[in-house]
Each structure stands twice: as C-alpha cells, then as structure tokens.
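As structure tokens, the structure follows; a few thoughts come after it.
Every read-out reported here was derived from the displayed coordinates using simple, explicitly stated rules and does not represent laboratory data. A quick note: this is a predicted structure, and the numbers were derived from the prediction, not measured. When we count neighbours, we look across all protein chains shown, and the Cβ atoms used for this are built from the backbone with ideal geometry, even at glycine.
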Amino acid sequence: MLLKHDIEFTLNGVRKRVTVDITMNALDMLRDVVGLTGTKYGCGEGECGACTIRVDGETRNSCLMFAVDFNGRDIVTIEGLAADPKADALREAFVEHGAVQCGFCTPGMVVQASHILDTHPDADAETIKRGLEGNLCRCTGYKKIVDAVESACCGGR
Amino acid sequence: MNVAEKPVIAPESLIGQRIQKKDAPEKAAGKTRYIQDMVVPGMLHAKILRSSRVHAKIKSIDTSAAKALPGVHVVLTAADVPNQQPIGVARDHLPLKGERVRSLRDEIAAVAADSDEIAEAALKLIRVEYEDLPIIAGPEDAIKPGAPLIHPAPLDADGQPKSLPPKTPVAFAGKADNIAMRFDYTHGDIAQAEAESDVVVEDTFQLHYVTHCCMGVSGVIAEFDASGNLLMYSNTQVPFLHKREFAEYLNIDPSRVRIIQPPIGGGFGSKLDIYPFEVICIFLARAAKRPVKMVFTREEEFLASPTRQPVLLTLRSGCRKDGTLTFRQVHTLHDNGAYTSWGATTPFVMMQTFSSLYRVPACDYHTTVVYTNNPYAGSFRGYGNLQATFAIEQHMDMLAERIGMDPLDFRMKNAQDAGEVTGQGMTFKSCGFKECLTTAAERSDYRRKHADNIANRNARGPVKRGIGIASMLHVGGGAKIYPSDGCGTILKLDDFANVTLITGASEIGQGSETVLSQLVCEELGLPISAVTVVNNDTAITPWDVGVHASRTTFIAGNSAIGAARKAKAKILAAAARKHGCDEAELDLRGGFVVVAETGEPLVELARLMRNLHFSDKAELVMTTFYYEPPSVHQDKAFKGDVSAAYAWAAQVVEVEVDTDTGIVKMTKVTGTHDVGRVLNRLGLEGQIEGGVVMGQGYALTENLIVDNGVTRNPNFRDYKLVTAPEIPEMDITFVESMDGEGPQGAKGVGEAPSICIAAAAANAIYNATGVRIFGLPFTPEAVYRALRGATPKPHWQAWKPA
C-alpha cells in the first residue's frame, strides 16, 4: 500500500499542486507525472548530473530528491530557463561554441551553467570546470562546454 | 526582390567554416525527445530478469506468482517462445535462455506490465532454480586442455547428442573447444626478416574492459499494427541491417518491419549489434498485443551492454640498426565473453595497424577468440585499434631506444607515404602521415621536452614530467564488410527553394545532419537553414549500411553531393532554357541562378522553382543518388583495399607523474589529424576533443572490473569517467591531404582521435620515469606499484591452436 501526499510548489514560475506517492523521486515526478522530459535520467544515483534542476536557486540532482521534498519550494527546470534572458544567452553560447553533440547531458549542463553564471558571473575556465565537475559528458570532452559557459560569463561582464 | 537591383553575387564557400549544429538549439533547450522521453498511447513497460549465476544449468523457472501480480500483462520465458532464432554476430545465442546461463547478463524471463514498478516487482516473484557449472573466468583458462566447454553439445535424456533441427542456434550446435573465431594473416617472410634484424623485442600487453557509457541508456519500443506489421523505435546505428534481421527472427517479410530512430543519446559503436533486450521487447509486444517500452537502468547498462574488446597481446618486433623496421609477429587472445558480438571481429582492424601503419616487410598476425563466462564485447569507437596501437607504438619507442635513434626520426623513417600499397593490399591514395608527425612534434616541442625529461628523471621532487608520441592509421573512406558499403539520398526542392535531404545516414550526435546539409548547400548555393534533413525512418529513407567505421561524412557525404549535383544540373538546364543561354555559363549562388563569370543574378531560385512547377509542363526538382565507394572486399587471406581512403594522425601526450602517489595527470594533448579536408571546423574540433578525452579515460581512469564473471563496479561512482576539471589542454590541428575520392576532399575522422592516447600516455610515463607499463589502465594504484617494481609484467606465451 503506497501512501500518497499532496504537495504544492512553484515549477518554472507556475504554482503546481500534485498528489504523489511518498516514495516517488523528484525526477520521475517531473518526467512521468508533470510531463517535462527535458530533465534526464542518466544514472539515478547522483553521479552524472543529467537530471540537474534548480531548487530555490541552488542546483540539485533531482534523482536524489523525493518528490515530496518539492513542497513549498521554487523549482526551475531546463524548460523554465526559457523565460530567463541570461539563460537564453547561455543556450545560444552552447549552440555557437559547438557544446552540443548527442545532447543528452546538455539540459543538465545548461542548468548547472546557469547557476555558475548567477553565482560567479566573472568565472574563469578553471572555476567553470569545477562548477561542471558533477555533470558527465561522453561526447564533447567538455572543452566546448567550458568555452560556451566562459563566453556567456564574459558576455555578461 | 528586383533582380536588376541585386548586386553581383561573388562565389562563397561553406567548406572549412564553423557551422552550428542543426539540432543543437532543440537539445540545448531540453526539447529533444529521446527514446526515454517517448510515450506511445497504451504502451506497457518491460523489464528483464537476468541470471544470478555466472555459469549454470537452469533446472526450473516458476513464473506463476509473477503472472498473478495485478498489472502484469505478460511474463515470458524461453518455454513461451518455442521458435526463437539465434541472434548476434555468430548467431550463437537465443534472446531468452532456457537451459543454460553462461554469464550474469543472460536473459531468463521478461515482464510487460502497467508500470516499471510493477514489472520490477514481478521480476522479484520469479523463482529460478540453478545447478552451478564451473566458471571460466579468463581467456587463458578457456584454452587449457580439458577446460569446461561454454557451448557443449546438448544431450538427450539418454546422454546421446541431440539430433538438432535445421536453423538450430550455433550455441546449441556444440563445440569441441571454447574457440569462437580465428584470424590468421601474413605477408612477407617472417623468419628471414627476423634473421636480418639487428634488434628484436618481445612483450605482452594487457588491455582491459571498458564500456561505452552513453549518457542515454539503452531503450526500445516495439508495437505491432492490426495486420501484424512491426514498428520499432530504436537507437540502432544500423537500421537497415536490423530491419532485415528482426524480420528473420520473427519469420516475417522484412517489408513488414519499420524502424524509426528517435534522437540517440550516444552511440560510439554500442548499437551495431542486435541485443537480446530488443528481440525480447518484440516478443512481449507480440504477446501483449500492446506497444511495449523497455529502458535500461544505469546499472543494467553497465551489466548488459557491450564492452570494448579485452585483449592479451604478445608482440615481437624487429628493426635494423639504421632504423628500418623488419618484421612484426603478433599473437592475441581475445576474451569473447559468453557470446559473440562485434568485439570478436576487431582483428579486421587490428591487423591493418600491424601490417600497414608503418612500412613493414613481414607481418604475421594471429588471433584466437575464446568463449568465457564474462560479459561479451562489442564494437567500440576504434574497433580494436586502441589495443593494437597501444602495443605497436610502445614498441616503436622501445626499438628506437635500443638502436639509439630519436623516436620521432624512427617513425618518420618508417612512415607511409601517398602511393604506397601495403602488404595487406591497402592503397594510400592520400596520406598526410609524415606531416602529422612533424606538425604534432613541432607544435608540442616534442624533441626538446623528450630529451629534457630524461635528463630530469632524477631531479628532486616527486612529480616527473613526460612526453610521448603515438600515431594511427584508420579507415577513412568506409569499410567494405557487407555486400554494399553504400548510402542512398533522396533530395527535393520545394517551390520556395528549400531542400529536403532524405538520407540513409543516421545522426547519433556526431553532426551528420549538419555536415550533409553543408555539402548540399555548397552545391546549390543555399544557406544551411534552407535544408531539412530526414534521416530516421526506414519507411522513408533510402538504404544505408549504418553509422560505423567513421564512414558517414565520406559515404553519405558523397551520396548527398551526388544528389545535389543532379538537382543542380536540372535547375541550370531549366534556367538556361528559360533565359536562352548555355547552362555551362550559369551557377547557383546566394539563392539565385547567376551568370558564373560575372556573378550577375539571373533569377531567384525560388521563383525559378515555382515557374518550373506551376507551368504547362509541370516539373519538380527531385533527385536520387546511391554512392558505393570504390573499395573492395578482403579476400580470404584478409588482403584487399577495404576502404576508399585512410585517415592518419599523430598525437603527443604530456603527463605529470606523481611518483609518491602514482597519480598521472594528463596536462596536454597535441594532435594533428589528416582529415583530407576540413568541412565543418566546429564539428570536427568537437569530434576530436571528445575522442581525445575518451582516450584519456581509456588510458587513465576507466576500468570495468570483471572478477570471476562478476562486474564489480556497475555505476559511475566506481567506474570513473573523466570529468571537466581533469581534461588536458588540447592543441588540435589538421592536415588537408585533399583526398581525391572524398566529399570535397574529406576523409572520415569519427574514431581516429581516441586511438593514440593510451599508447602516447604509456610512452610519456616512460619518458617521465623510465618505467614502462604494459597493461592498462594507468590508475594511481597501478602506476604506484609499477614504479616500485611490484607489478608483474604481463606474460602470455604466444599460442595458436594446432
């Protein structure tokens, strides 16, 4: 018998009320209940960063959170970054610098990079690499991702 | 626009530009729908029960409790699918195993249910009774006299070999030994060449398990329509080959199988074979009469997707005092795992490197591929070339040192040139190898650093610097393995002069959509934005052999150019008729038909297209082209010019070795690649950088630990991919050898950048420390031990069956 719980939170600027199993993880809720599939399952244990979201501004691996932990929080996913002009510039930088290949890690990378941009607007390449350490990419070798984030940082300067 | 006011249009080229990837905006916005994201109305969710024993007979399977669980639609075992066909490269296993399991990944039962959670719960209710069998944990055990057989002949109840019906799985056919495949190649007189050698070295090299780690895990959706036609959403890299194979397994006409490829979250060779999960998902969909989706967990991906081929390799090499190579003799033992996938066939590529990377008068190559109870290896970017290059390029340094020659000079003396026909019959029509060597060496200041590092080996402080070089040869113009190595294109222009490019070539993230669009636009004088690519549906796209062997830019590129040139000829002929001039005087530029010599615009292309279409003699511009490269199949002795072009590279790796901790830091990679010609500079750099870092992982951090048949580290915490802070500085340059057959002169490059890194790292560690390490990976523990002489040197007595 699964226990259900009603939760209320802000998702990408919109208030949401959802009933979820208490054991459901936040990633599954976003993908399967809410239907936002930009946040990816890569490992389910917080090692790859493909499921990175922002929770009250900080970045989190959504696969490691329970859905009920969203209660009362302000959640932003890759889809929510569409409304953020700074993130627009970031996405454009990813495209312009060739930071996208298969693209599976990209949403998590962009969300993580948006946090770097907010917290370290003048970040240099080394700081950016540290900031992206928890996000795995198998295609690009990271260089063009770092270049993209660096250009967005400098662009905001 | 009034044509009269339009200024002249000068020729412009897209070739060599930095072209943004067409699918990047969608991907960066999180809008791209991968197979994991797809929902088909009415679909069920499937899970597979895998063996809990490494090697065992299955005594019984009880699925009754699982079948009784609410929400479970179908539970299947081998007994429920009596007409299973054998699958895989050697057709040596069934999707569902009924009598015997030979590895921990073996599929015993499968469930389709209303949700993943219910399917998981059902798996836990299935009871399997086993009788354990002796485990063959490594390839050396597999060839011991009297070793237990992994695939013995099946016996009747009275102990007699069963009489087997036709089309019986090879796995059941019974084998007298554990040998899965053999490869024997030779050219020249080895004995005489060895007798003429002044120096001979022999060493054993040990190459480990690594795996692809595509960020998107494996997945498939299968559904049948009311008439029994199969639709699959699949991540395959070879849709047309698989369409045919799936039809064979289902005993239906191939025209009734349609494969759609959603965007793929990484390939790297992992999706070249048909795996049991795909066939099982089809079985479930057939039984449930509902669409069925199956997606792996990450742990499952580590346990049940292919690995790179582990290899034990003994190499004997010789040269003369003047630095001329004399011979190479190679014996390898390939650990096939329990079944045969593409990893077993990596000798096709390995022997090319041994026979033809350098001019070597005599080469003798032998591989024995043996069954064990380990995971089975598939194709993985480089296809055996990382393993071969690891051995060869260390021996190049070792031979050079023995004769007192600079390692770069030694390579230059033996390097191939354009025009060379090798002992294996490969013909190097374009070859920038020597320029790669000199460029990479000069840009990295290789000679000076190499000498300085040796001089500084005994300097104070634990951190030693090293520099190492390695080179590679790889197919760059397709590889003629199948009856055709071709690709088809259908191209159409609409009445706004937008192009739809329908190609057989698959996009797996490598950027084929973009580079193919670029090649078409170069012919038709249009911007990249004018092209829509359709490339993922076997019901629409023309045939292609698949995305592998670094072939897509070359083969699909030539095919796209062929279709575009036919369209251009048709357009110019129509414009010439209309304007009363000679079509040879016309060209396409900037969306206009122009007078070639002056650049004077004659008519807007979109307007011409509408005139053609909406006229009394209505006409559309639609063309087709099939490109088959001018390569040949190898003969039975593995000789023949199997690729239309060959790619070359030299990479210099710089390391810092902390002798106190064994930590090797890769500080810089200087790579020079003969790519024929740079097409999309942005995409090319991305491919090379990604390949270099994948090579770095192979060399330093990645190690799938398989211990007595058990994979010990099926997760990203213990299987270490390289992360952003660890990447080296990368200095990547290109040699443009302008291959005569290549699209705009280009050659394939997809696999090339990973190939040299581990070999160059080995040479760099030696340069830093004076210690040579013959096994991978160079983890801190391994290096620490090796520096203290605590690592036994791998040794394998070269062996081949009588």
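Summary table below
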item: For the range B:229-307, average projected area of the Cα convex hull in nm²; result: 5.3
item: Estimated D of the range B:585-678 in µm² per second, where Rh is the Kirkwood radius over Cα pairs and Stokes-Einstein applies at 10 °C, 1.306 mPa s; result: 78
item: Residue-averaged [θ]222 nm for chain B, counting only DSSP H segments that reach four residues, each worth -39500 (n - 2.57); result: -7500 deg cm²/dmol
item: Semi-axis lengths (Å, descending) of the ellipsoid that matches the C-alpha gyration tensor of the range A:43-157; result: 22, 16, 12
item: For the range B:174-250: rounded, prolate or oblate by the Cα gyration tensor [a/c cutoff 1.5]; result: prolate
item: Scattering profile of the range B:432-561 at q = 0.09, 0.18, 0.21 Å⁻¹ [log10 I(q)/I(0), Debye over alpha-carbon scatterers]; result: -0.46, -0.93, -1.13
item: Reachable aspartates and glutamates from residue B:59, criterion Cα separation under 19 angstrom, eight or more residues apart if same chain; result: B:80, B:99, B:106, B:107, B:129, B:131, B:132, B:156, B:158
item: Ellipticity estimate at 222 nm from DSSP helix runs (n ≥ 4, -39,500 (n - 2.57)) divided over chain A, nearest 500; result: -9000 deg cm²/dmol
item: Kirkwood Rh in Å, taken over all unlike Cα pairs in chain B; result: 28.1
item: Protection proxy ranking of B:610-618, B:734-742, B:433-441 - average other beta-carbon atoms within 10 Å, highest first; result: B:433-441, B:734-742, B:610-618
item: Cα gyration tensor shape for the protein assembly as shown, rounded if a/c is under 1.5, else prolate or oblate; result: rounded
item: Mean Cα-pair separation over length for the range A:84-155, i.e. relative contact order, pairs under 8 Å, 6 or more apart, %; result: 47
item: Placed amide H near residue B:679: partners under 5 Å, 5+ positions off or other chain; result: B:16
item: The range B:187-315: relative contact order in percent, alpha carbon pairs under 8 Å with at least 6 residues between; result: 40
item: Semi-axes of the equivalent ellipsoid for the range B:419-487, Cα gyration tensor, largest first, Å; result: 39, 14, 10
item: Sequence of A:139, A:153 once ranked by neighbouring C-beta atoms within 10 Å, starting from the fewest; result: A:153, A:139
item: Dipole of chain B, positive end: most advanced residue of B:224, B:475, B:346 [Cβ charges, Cα centre]; result: B:224
item: Within the protein assembly as shown: Cβ-based charge dipole about Cα centre, in debye rounded to nearest 20 (Lys, Arg +1; Asp, Glu -1); result: 980
item: Calculated SAXS-style log₁₀ I(q)/I(0) at q = 0.23, 0.24, 0.34 Å⁻¹ - the range A:110-156, Debye, Cα scatterers; result: -0.72, -0.78, -1.49
item: Estimated inter-spin distance, residue B:796 and residue B:681, nm [label 7 Å along Cα→Cβ]; result: 4.4
item: FRET efficiency, residue B:596 to residue B:418 (Cβ-Cβ, R0 35 Å, nearest 0.05); result: 0.60
item: Three principal axis lengths of the range B:290-359 [C-alpha, angstrom, descending]; result: 69, 19, 19
item: Convex hull projection area averaged over all views, the range B:642-729, Cα basis, nm²; result: 9.0
item: Of B:611, A:42, B:766, farthest towards positive along the dipole that unit charges on Lys, Arg, Asp, Glu beta carbons give the protein assembly as shown; result: A:42
item: Sparsely packed GluC sites (Glu not before Pro) within the range B:591-622, loop by DSSP, other Cβ within 10 Å at most 16; result: B:597, B:619
item: Relative contact order (%) - criterion: Cα under 8 Å, at least six apart; region: chain B; result: 16
item: Viscosity 1.567 mPa s, temperature 4 °C, Stokes-Einstein D of the range A:1-65 from Kirkwood C-alpha radius, µm²/s; result: 105
item: Hz values of 3J(HN,Hα) by residue in the range B:398-415 - Karplus curve (6.51, -1.76, 1.60), Gly and Pro given as x; result: 5, 5, 4, 5, 4, 9, x, 10, 4, x, 6, 4, 4, 5, 4, 5, 9, 5
item: √(5λ) per eigenvalue of the Cα gyration tensor, the range B:1-157, largest first, Å; result: 51, 27, 14
item: For residue B:504, distant residues with modelled amide H under 5 Å away; result: B:488
